[in-house]
Amino acid sequence: MQAVTENFVDAAKEYLDAGNCVLPALRGEKRPAVGQWSKYKRRRPTDAEISTWFERDHDAICILCGEVSGNGELLDFDEGGELFDAWAKKVPEELFEKLIIQTTQRGGRHVYYRCQGAVSGNMKLAQRRSGEKTITLIETRGEGGLFLCAPTDGYEILQGDFCNPPVLSEGERGKLLMAAWELNECPSVIVDGPGRSCNSGQTNAIQGKVVDSADALADRPGDDFNKRGDVREILKQAGWKCVRGGENEYWCRPRKDSKTSATLKDGVFYVFSSNATPFEQNKGYSQFAVYTMLTCGGDYGLAASRLRGLGFGSDSLPESVSGVDISGIVEVSEDDEDDFDGDDQSSIDDPGPVPIEMLRIPGFISEVMDHTLEVAPYPNPVMSFGGALAMQAFLAGRKVRDSGDNRTNLYLLSLAHSGSGKDQSRKVNSDIVHAIGMSDCLGLHFSSGEGIQDALFRTPTMLFQTDEIDTMIQAINKNRDGRYEMVMSTMLTMYSSANSVYPMRRKAGKESPGVIDQPCLVIYGTAVPNHYYEALSERMLTNGFFARMVILEAGQRPPGQEPGIGDLPPRVLSTAKWWADYRPGTGNLENCHPVPTIIEHSNDAKKLLIETRLQAEAEYSKAEAGNDVVGTTVWSRVSEQIRKLALIYAVSENHQSPRISRTAVEWASNFVMHQTRRMLFKAGAHVADGQFDSLIKRSVIILRQWREKHGNDALMPSWKLRRKLKQRPNDFKDITFELLERRIASFCTVEGKTKPKSGYRLLRSSKEKLRS
């Protein structure tokens with residue numbers, strides 16, 4: 001043992017040089033004799049401050065614990081140190097010999113050391129009840145705590161040196177704390193539910209060992225689980241490890257190998273680690289509370305409901321716990337995930353947004369795209385392609401067809417966030433239409449079904465360009481006015497009438513106004529992605545409206561550029577003018593009843609079209625076998641869409657001598673197959689059967705985005721999920737209960753860098769696991 005000088009200044013400087021935060025103290029009050037001393041919890045004093053302080057008459061010196069002293073921590077043995085010897089016997093000899101030990105002015109003992117990791121705040125480890133009073137026998141002085149030390153009068157170093165504190169591993173520290181906690185004689189407060197707690201002597205509510213009324217337990221699943229359940233598997237699933245068995249089991253928290261963080265005895269899980277989230281330090285938890293914290297996010301109502309479903313709280317109680325199946329209350333295992341269907345929301349995998357390389361068709365479409373990209377403030381390839389594709393479909397309307405009488409009428413929708421360049425492609429199209437003298441063929445809004453009919457009766461080829469098409473869809477869904485239904489009905493029938501005639505409505509008491517011969521309605525709409533999909537109803541998915549759409553997603557807004565006012569390229573104007581002047585057929589009926597030119601397929605193109613048709617039919621059969629009404633509706637239109645787009649590809653590539661080549665069919669097939677799967681995936685994720693189902697789907701989207709950003713095994717904290725959903729606590733409980741019950745997500749605790757993390761994790765389907 002090294003003697004300590006009686007000179008406070010020298011001792012303070014020696015302690016300071018050793019990395020301790022040392023201050024003068026008031027011996028009688030056991031506190032620093034420095035005003036506003038809290039700042040020294042963050043920094044050690046300087047030599048000059050030490051010299052100035054101790055020039056005055058001070059009778060004590062103290063050391064602050066915690067990070068400022070190199071993660072220093074003290075065990076304080078009070079009441080004359082009566083438990084010190086019993087504690088010392090429990091500590092391994094080689095560990096005991098490392099410690100700094102000093103006597104206190106009242107006969108107690110101080111044990112000082114440093115830790116490799118951060119220390120917690122002050123903890124009470126061993127207590128005793130004396131009448132109505134609780135006496136603390138052993139406690140720690142940790143982060144923010146302090147203790148008086150030699151050479152203060154009454155404090156004498158028995159072992160070690162404050163100028164050379166030992167540094168203990170977390171395992172060694174755990175042994176010291178566990179030895180102290182085992183000497184605790186005072187019943188601990190045990191958490192057993194929301195607002196429910198008791199002490200460890202009230203075993204009727206916790207252990208199930210002293211039970212006066214089995215009937216009382218049968219009424220509450222939590223109490224029944226305290227009696228018959230077993231939390232060991234739940235703890236293991238959450239990353240805890242049992243490091244020592246016996247009557248008093250020692251458990252190590254996640255991310256630790258062999259250190260003790262809690263004990264399990266008589267159905268009480270007592271936690272003394274400050275890094276054992278979601279548990280609090282120095283608290284005991286009943287088995288019901290442990291289950292609730294680790295599997296239900298602290299929701300005791302949800303926990304009770306799930307336990308009741310597993311047979312706890314029933315009227316008849318088995319005599320033993322053997323045979324009680326608790327597999328359903330721990331995190332879903334990898335094997336169980338094979339039954340999961342909530343993540344996919346459909347049988348279609350997500351192919352992602354359309355690849356940029358697919359957004360090119362040679363000839364007129366690429367030329368219009370290039371011009372749009374050149375003059376746009378935000379050159380967006382997806383929006384530019386959508387506008388150019390709509391322009392070509394409009395110009396070729398009622399003028400060309402393939403050998404199957406497929407026409408170029410398309411319903412196109414480009415999805416992009418506000419400010420992403422949605423306007424520019426519409427402006428370019430308007431400039432082209434005005435330049436070739438076809439302004440009367442432009443439409444902006446769908447005011448009613450009758451309005452669409454009247455417009456097409458006057459000009460049978462129309463290009464409607466409208467923004468926020470999702471607003472129109474929401475109006476159709478929410479309004480019971482017949483005119484909104486007529487908009488939908490007219491759009492559906494016009495699409496199918498492109499190669500026939502559409503009879504105009506007959507007004508009461510008047511003659512039939514006639515028919516629209518081969519109407520070509522091309523729609524180019526734009527909308528915000530989520531708003532569009534959420535506006536769709538299940539009826540729209542199955543009545544053919546959704547299946548007729550070609551949907552393009554623009555993704556993130558591209559970098560901006562200085563916008564231009566460039567004139568339309570001469571080749572673009574020349575080609576557009578050629579289409580405006582082109583009149584298929586002969587005689588006086590070519591305007592009112594044209595006979596579109598048939599664009600032939602190459603032999604290779606014909607073979608590939610058969611292959612793509614068979615592929616679409618196979619997908620249709622799978623959807624039909626699975627009673628997937630949406631899938632059958634969408635896949636039934638795939639072959640037609642491929643043929644339409646292959647036709648448009650051909651006339652864009654060579655408007656004067658077009659021929660549908662294998663290349664055209666390959667592009668159209670790849671494009672349509674990709675977009676069909678993407679549309680089905682997005683619809684399955686967004687389109688809901690009601691408000692509650694919408695919230696479930698919204699939760700899946702949020703969790704999937706979290707997983708994509710943070711990794712497959714990342715947990716999303718409950719508070720973040722609730723904040724994203726913007727739901728009240730009770731409503732959020734219903735949502736998370738449904739996520740767990742459907743096995744869409746799991747709630748669990750995993751190891752973190754510094755402490756365990758709890759939250760929700762989207763489960764992966766068997767297909768996803770195979771891909772990974």
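The values are calculated or read from the model by the stated rules, or taken from the named source; none is laboratory data. Since we're looking at a predicted model, the values are computed, not measured. Heads up, the Cβs are rebuilt from the backbone with ideal geometry, glycines too, and the neighbour counts pull from every protein chain shown. With ligands, DNA and RNA removed, areas are computed over all heavy atoms of the protein, side chains included. Shrake-Rupley method; radii C 1.70, N 1.55, O 1.52, S 1.80 Å.
Here are some notes:
- Rounded, prolate or oblate (a/c below 1.5 giving rounded, otherwise prolate when a/b exceeds b/c) for the range 218-294 by Cα gyration tensor: prolate
- Gyration tensor verdict on the range 412-458 (Cα atoms; rounded if a/c is under 1.5, prolate if a/b is larger than b/c, oblate otherwise): oblate
- With the cut-off at under 15 Å, measuring from each backbone N in the range 267-308 to a point 7 Å along the Cα-to-Cβ line of ARG232 picks out 267-269.
- The HN-Hα couplings worked out from phi for the range 92-108 by the Karplus form 6.51 cos²θ - 1.76 cosθ + 1.60 (θ = phi - 60°) are x, 4, 5, 6, 4, 6, 7, 6, 8, 10, 9, 7, 10, 5, 10, x, x Hz, whole numbers, x standing for Gly and Pro.
- Förster-model FRET efficiency, 22 Å R0, GLU741 and ASP266, C-beta, rounded to 0.05: 0.10
- Modelled spin-label separation between ASP731 and THR493, with each label point placed 7 Å from Cα along the Cα-to-Cβ direction: 4.0 nm.
- For the range 653-747: rounded, prolate or oblate by the Cα gyration tensor [a/c cutoff 1.5]: prolate
- The ARG56 and LYS720 beta-carbon pair, evaluated with R₀ = 45 Å, returns a calculated FRET efficiency of approximately 0.30.
- Inverse mean reciprocal Cα-Cα distance (Kirkwood Rh) of the range 630-700, Å: 14.0 Å
- In order through the range 154-166: 3J(HN,Hα) via Karplus (6.51 cos²θ - 1.76 cosθ + 1.60), integer Hz, x for Gly, Pro: x, 10, 10, 6, 9, 7, x, 8, 5, 7, 8, x, x
- Here the 3J(HN,Hα) profile of the range 571-582, calculated from phi with Karplus coefficients 6.51, -1.76 and 1.60 at θ = phi - 60°, is 5, 5, 5, 5, 5, 4, 5, 4, 5, 5, 8, 6 Hz, Gly and Pro shown as x.
- Those residues of the range 116-157 whose amide nitrogen sits under 19 Å from the label point placed on ALA86, 7 Å along Cα→Cβ: 124-140
- Sequence-distant residues sharing a close amide H with TYR113 (under 5 Å, placed H): GLU73
- Flagged links, alpha-carbon separation over 18 Å, of LYS41/LYS124; LYS98/LYS175; LYS175/LYS256: LYS41/LYS124
- The listed residues THR103, THR46, once ranked by accessible area (1.4 Å probe) with the largest placed first, stand as THR46, THR103.
- Cross-link reach is defined here as a Cα-Cα straight distance under 22 Å, omitting same-chain residues fewer than 8 places apart; for LYS720 the lysines meeting it are LYS697, LYS709, LYS733, LYS753, LYS755, LYS757.
- FRET efficiency estimate (nearest 0.05) - Cβ-Cβ, ARG571 to ASP350, R0 51 angstrom: 0.85
- Here's how it looks for LEU26: its modeled amide H is under 5 Å from those of ARG31, ALA33, which are all 5 or more places away or on a different chain.
- Cross-link table LYS13/LYS39; LYS427/LYS682; LYS13/LYS89; LYS241/LYS726; LYS236/LYS283, entries beyond 27 Å C-alpha to C-alpha: LYS427/LYS682; LYS13/LYS89; LYS241/LYS726
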